[in-house]
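The values are calculated or read from the model by the stated rules, or taken from the named source; none is laboratory data. What you see is a predicted model; the values in this text were computed from it and never measured. Cβ coordinates were reconstructed from backbone atoms using ideal geometry, including for glycine residues, and neighbour counts include every protein chain displayed.
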Amino acid sequence: MMENTLQLTEITSKEKLDRITRTYIDDIVDGEVNPLQAVTVVAALEQFVKAVRGHVLVKDAVRAELEKYGSKTVKFNNATFTMKTVGTRYDYNVCNDPVWRELKGKAEAANAALKEREDMLKVLPLEGITVVDDATGEVCHVCRPGKTSEEGYAITLDK
């Protein structure tokens with residue numbers, strides 16, 4: 001059975017992480033660890049990781065530390081850090097381009113019309129309906145869309 005405590009500093013390589021992961025999964029599957037307890041811990045760790053990595057002061061501290069090495073790529077503690085642009089966003093609204101504005105308006109209208117049509121198709125009678133294509137005059141039998149679902153679970157940590 002896996003030791004219930006784990007120091008974060010112990011996870012220093014992909015190999016160690018893979019071994020810890022396999023052991024934890026085996027313990028869950030073998031009944032050594034309550035699956036609800038396990039996924040509660042994992043959910044908390046996910047929130048922890050997201051909060052730490054997303055915190056602006058942590059990002060600033062990491063960038064400042066990497067800059068000390070004077071290189072775009074830094075190897076540290078079995079990890080490779082690379083300074084790079086991680087997101088680029090364009091604001092086309094400031095371009096004052098009439099063609100873009102027209103296309104954007106058409107795209108938004110088309111997306112709204114498509115969503116409205118899809119919502120209508122979801123609630124068709126089970127036997128479907130017969131429609132005539134206004135553009136071609138073709139008679140079509142229209143039925144509900146195919147639907148697949150996957151059962152899973154959601155977890156919310158209490159305060």
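Being under 27 Å from residue 158 (Cα atoms) and out of contact with any strand residue (DSSP E or B) (no Cβ under 7 Å at 6 or more places or on another chain) is the requirement here; does residue 116 meet it?
Values: under 27 Å from residue 158 (Cα atoms): no; out of contact with any strand residue (DSSP E or B) (no Cβ under 7 Å at 6 or more places or on another chain): yes.
Here the answer is no, as residue 116 does not meet what is asked.
A quick yes/no check of all residues on (1) in a helix (DSSP H, G or I); (2) touching a residue at least 60 places away in the same chain (Cβ under 8 Å); (3) more than 30 Å from residue 11 (Cα to Cα); (4) outside the structural domain of residue 40 (by TED's automatic domain parsing):
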| position | (1), (2), (3), (4) |
| --- | --- |
| 69 | no, no, no, no |
| 75 | no, no, no, no |
| 100 | yes, no, yes, yes |
| 107 | yes, no, yes, yes |
| 111 | yes, no, yes, yes |
| 125 | no, no, yes, yes |
| 150 | no, no, yes, yes |
| 155 | no, yes, no, yes |
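Name the single residue, out of those in the range 21-53 being among the acidic types (Asp, Glu) and not in a helix (DSSP H, G or I), that is nearest to residue 159 (Cα to Cα). Lay out the reasoning, then the answer.
Step one: filter the range 21-53 for residues among the acidic types (Asp, Glu), giving 26-27, 30, 32, 46.
From what is left, the residues that are not in a helix (DSSP H, G or I) are 30, 32.
Working: 30: 30, 32: 27 Å.
Per the stated criteria, the residue is 32.
Is it true that some residue in the range 58-71 is surrounded by 10 or more Cβ atoms within 10 Å (Cβ to Cβ), among the β-branched types (Val, Ile, Thr) and in contact with a strand residue (DSSP E or B) (Cβ under 7 Å, 6 or more places away or on another chain)? If you could, list the steps in order and put the result at the bottom.
To start, the set of residues in the range 58-71 that are surrounded by 10 or more Cβ atoms within 10 Å (Cβ to Cβ) comprises 58-63, 65-67, 69, 71.
After this cut, where a residue has to be among the β-branched types (Val, Ile, Thr) as well, the list is 58, 62.
From what is left, the residues that are in contact with a strand residue (DSSP E or B) (Cβ under 7 Å, 6 or more places away or on another chain) are none.
Scanning the range 58-71, I find no residue that is surrounded by 10 or more Cβ atoms within 10 Å (Cβ to Cβ), among the β-branched types (Val, Ile, Thr) and in contact with a strand residue (DSSP E or B) (Cβ under 7 Å, 6 or more places away or on another chain), so the answer is no.
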